[in-house]
Amino acid sequence: MHRDNIRLLFVDDQKSVREGMAAGVHFRDCGISDCRMAASGAEALQIMSRMPADILFMDIEMPGMNGLELNRLVQMKYPDTVRVMLTSHASFDYAQESLKYGCFDYLLQPAEPETVEDCLRRAVQFIRKRDSSRELMQYASLVRQNEYEIMNHTILNLLSLRDEDRDASLELLHRFEIPLELSSAIRVLYVVSDDFGKEEASLAEKEIWKRIKQSLEEAKIGYPLEILHTVDSSHAFICLLFTADGKTVPLEPAQICRFYEKIREKAAPMNVSVYAGRESDLCAIRDQVREVTNAIHENIAHRSGCYIIGEEVQAQASGTVDLSESVKRWEKMISAEQKKILESEIEAYITRIVNESSSKFKDLCELHQQLTYIFLLYFYQNNIDTADLFTKEYTYQEYMDSFKDVESLRKEVRFMLDAVDRIEAKNSEAGDVERAKKYIVDSISAPITVKDVADYVHLSPEYFTKLFKQQTGQNIKEYIISSKMEAAKEMLAHTNISVSLISIELGYTNFSHFSQIFKKHEDVTPSEYRARIRNEKQAGEKA
């Protein structure tokens, strides 16, 4: 990429020479964007300190600091500046001195504008080539430092659905002299594991590749095969196998199985599987990749194995598993609180998918959808906001992704059934509180205690006290007293029963104690309360 901001500094003590140079030379045509003039070496150094020049033209014969001294100082302080010496003396000593300190050229004065322009063009060309060379060196250094990441991205783009990505990768591979064309026969090998990509996994990505390469060598998968490798977003390790002549890929099923046995040993204790695609041209590799990824998805139980497209993967038992009848029965089970039976039936259905279905991934997705419907309907009927179900330990996104494999779906089922248990327990607790309230009202004339109420609902006094406070916001002992006081107010307002008899009717054997409690709740004695109610009634009747 050409630099457009090349700056020139012209140094000569003669004003006429500076003006002649400014008027006669076409600087912009030579690639110079900025030209400045200086009358001495000292002035030149001041200008350079503010804005270093790319090219420096300087007269040798100047008063004070001459051109040779200026050349030495600039060479030390600004080594990238291209320096050209100007002199009216054709002295070999001057020329030799100039070359000693790395001058680009040596021109005799008076120099014709055309001569100066030719020198400038050569200097500009030199600068641009030097910059380009440095950029290439930096690029080469960057490639060396990041070779693994660059090649990984390049190979991954060969699998892209975008033709421009694939073509760009091919072009880069050609620069690395890798003989791969769109017409080249190619075959993919996938090495996958649930443990790949996990933070707690014991092997790093480069170490896994090291063991894959060792396993390929031990399985005799090598020359004349060329092997490129990459890792996709799902942490599948992918090998692309081809030959230099682009013809068929010599790879036998026995070699693939041997490779699987080797990598399984080297990756232990991680559980790995190997998938081999059908051979295709590079231009059709997406179809090959699609077949392999579908096979990976179909392995919903994540069973370790060697799967070769067209052979073992497609030798699965045929048939699909009917779900509609099971769903109807499961809806009734969850309503009838038959959770153990429900969990057992769902597990049996999952096992049938694994062992019998020819569309495992599709059937697992459908099961996930139907279970979602059943559980969310139950929560809706029980006025439960589903957003409140999920936690940091089990998120909504984790639940939505649980269709991807068997263990994730099993985890979903356990989570949802635990949520159902919590709701039923909460409903049961609410029922216990309501029964306790009714018992208190029905036993209003008895001197009941907290223990009496807890015994009635078959709970310990300690637990029921906490539960009652949680459900009602009120202490149970206070609730008993307030219930009795409400009953007392009813009798004081609507009957002529004496206050002493009312206290006995409410289970208080001590009249004075009853009066104290009543006044504490109503700020008046029972007699004063009765009198106030009667006065309010009489005032209402007169009005």
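The values are calculated or read from the model by the stated rules, or taken from the named source; none is laboratory data. The model shown is predicted, which means the values in this text are computed figures rather than measured ones. Backbone-built Cβ (ideal geometry, glycine too); neighbour counts: all protein chains shown. Only protein heavy atoms, including side chains, enter the accessible area calculation; ligands, DNA and RNA are left aside. Shrake-Rupley method; radii C 1.70, N 1.55, O 1.52, S 1.80 Å.
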Among the GluC sites (Glu not before Pro) within the stretch 435-543, which fall in a DSSP loop and have no more than 12 other Cβ atoms within 10 Å of their own Cβ?
none
For the chain, give me the percentage of DSSP beta bridges that are antiparallel, rounded to the nearest 5 percent.
50 percent
Degrees separating the helix 163-175 axis from the principal Cα axis of the chain, which is the longest one:
50 degrees
Measure nothing but the geometry: give the 0 to 90° angle between the long axis through the Cα atoms of 339-356 and the longest principal axis through the Cα atoms of the chain, rounded to 10°.
40 degrees
Normalised Cα Rg of the stretch 389-543, dividing by 2.2 N^0.38 Å with N its residue count, works out at 1.64
Accessible area per residue of the stretch 184-301 at 1.4 Å probe, in Å²?
47 Å²
Computed from the coordinates I sent, percent of Cα pairs over 37 Å apart equals one of (i) 66; (ii) 29; (iii) 56. Tell me the label.
(i)
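From the gyration tensor of the Cα coordinates in the stretch 148-240, what semi-axes in whole Å does the equivalent ellipsoid have, largest first, with each one equal to sqrt(5λ)?
24, 17, 11
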If the cut-off is a Cα-Cα distance under 25 Å, which lysines reach Lys328, setting aside same-chain residues fewer than 8 apart in sequence?
Lys339, Lys340, Lys360, Lys362, Lys404, Lys411
Once you keep just the Cα pairs under 8 angstrom separated by 6 or more residues, what percentage relative contact order results for the chain?
7 percent
For the chain, the longest principal axis of the Cα atoms and the Cα long axis of helix 511-522 enclose an angle in degrees, to the nearest 10, of 40 degrees
Longest the chain segment clear of trypsin sites (Lys or Arg not before Pro) sitting in DSSP loops (not H, G, I, E or B) with at most 15 other Cβ atoms within 10 Å runs 4-161
Show me the GluC sites (Glu not before Pro) within the stretch 349-426 that DSSP assigns to loop and that have at most 16 other Cβ atoms within 10 Å of their Cβ.
Glu393
Tell me, what is the percent relative contact order of the stretch 432-543, built from C-alpha pairs under 8 Å that lie six or more residues apart?
22 percent
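What size of dipole, in debye to the nearest 20, comes out for the chain about its Cα centre when the only charges are +1 on Lys and Arg C-beta atoms and -1 on Asp and Glu C-beta atoms?
Dipole about the Cα centre, nearest 20: 1820 debye.
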From the Cα centre of the stretch 446-468 to that of the stretch 291-305, the distance in Å is 57 Å
